[in-house]
Amino acid sequence: GQTVTNNDYHKVYDALKGMSTVKSVTFSSKEEQYEKLTETMGDNWKIFEGDANPLYDAYIVDTNTPSDVKTVAEEAKKIEGVSEVQDGGANTERLFKLASFIRVWGLVIAGLLIFIAVFLISNTIRITIISRSREIQIMRLVGAKNGYIRGPFLLEGAFIGLLGATLPSVLVFIVYKIVYQSVNKSLVGQNLSKISPEVLSPLMIAY
């Protein structure tokens, strides 16, 4: 791990970690901050390499909920040894509003997609049954049980449902990845980050 040379490390770390709204605290030395900056901004910053590094050691704080960011930022400013607090400012506010907008309309669209999926599946099964009614009558005449007759239709409905869930999920993943790649670069400099697509995809599968 990173060797900590900051004399105020434990004092600041413990104060941040002690907040009830803080989930985790990660220390990042000014050398690590410099490496991140050169990766993001390019080689022009290499003139500050070594003793000329103008950056500070940083504490990257993860709050329990996004709404806790402002509160934690205000409390962090009061801690002795903290020279500056970056909470994203107006960018964070816009990000929260965008996230809230996406969440609300995402639920509306998800509900609409579920309704459409159920409607399409039920109608597909109904049309299939009507088109194969003669075949079903013959199966009943030879003694086939209802469970045996229903089996193929249930499997077909399950396949259509799975396909209907997979395609929108793939589309959402692709769109989110594009947004992540375009937006996240501007957030890195403020020690902010959106959830990466690699983390989001298992959550989409789980839910």
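The values are calculated or read from the model by the stated rules, or taken from the named source; none is laboratory data. As the structure is a computational prediction, the values presented were derived from the model and not from experiment. Here Cβ is always computed from backbone atoms with ideal geometry, including for glycine, and neighbour counts include all displayed protein chains.
Just a few scattered comments:
- Selection over region 11-68 of residues that are among the small types (Gly, Ala, Ser) and at pLDDT 85 or above gives a count of 4.
- When each of Ala158, Ala144, Ala165 is tested for being at pLDDT below 75 and of a type in the set (Gly, Ala, Ser), the lone residue that passes is Ala165.
- Test: residue in region 69-76 that is in contact with an Asp or Glu (Cβ under 6 Å, 6 or more places away or on another chain) and either among the aliphatic types (A, V, I, L, M) or at positive phi (or both): yes
- Scanning region 151-162 for residues that are over 12 Å from Thr124 (Cα atoms) and surrounded by 11 or more Cβ atoms within 10 Å (Cβ to Cβ) yields Gly151, Pro152.
- Count - residues of region 101-145 that are among the basic types (Lys, Arg) and touching a residue at least 40 places away in the same chain (Cβ under 8 Å): 0
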